[in-house]
Amino acid sequence: MASSQLIALIPLLFLSLAIHSVTANEPLPQPQEPFEKPSDVVVEGMVYCQSCEQYGTWSLTKAKPIEAATISVICKDHRNRVSFYKAFQTGKNGYFYGELKGFKMSHSFLDHPLHSCKVKLVSSPLENCNLLTNINEGLYGAPLRYEDKRIVSSNYEAVVYAAGPLAFRPDNCPPKENPELVPELPLP
């Protein structure tokens, strides 16, 4: 009885092997991924003219925005090689918005914009306010900040990073008098 059941199972075994060998050569269907919009990287910030009253500090009290000032965005890869460079100009209110078109991350963590990109002051159109300052590291490269800001539309998405605010200063500020350094005059 057991041998007759075994004999009946042999054709089913061959049939399952035959079906498996035919389907083993067919490619497996790939899961469909939803369409992802490319995400651009954007840097924004402000450029000011620092008031003479605040010269020597990082304060921007009474500072005025500079239209048409030039800043640059420089990104370096994980081997410290420049991988992206672009200059941008500020608008009417000293605001810059720079799309980093062409910026690529070859190493997903080390080449991330927060780690690899910096914003530097380049030039000011104002003759009376064109000296570079290092306010918020604008002279050596202001780091980017992620402030959880995105621009999203039906066919566009951008991750926005902030830098600065940055500032130039006037070259004709009168020297400040420091009361601690003024010598005391002898009393008569």
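Where a Cα-Cα gap under 27 Å defines reach, which lysines qualify for Lys76, not counting those fewer than 8 residues away within the same chain? Leaving aside lysines fewer than 8 places away in the same chain, those within reach of Lys76 are Lys37, Lys86, Lys101, Lys104, Lys118, Lys120, Lys149. At full extension, Cys173 and His115 could sit 17.3 nm farther apart than now, given 0.36 nm per residue minus the alpha carbon distance. Placing a pseudo-label 7 Å from each Cα along the Cα-to-Cβ vector at Glu147 and Val122 gives an inter-label distance of 2.3 nm.
Here, each number is a calculation from the coordinates, and none is a lab measurement. Note that this is a predicted model, so its numbers are computed, not measured. Cβ atoms come from the backbone with ideal geometry, glycine included; neighbour counts cover every protein chain shown.
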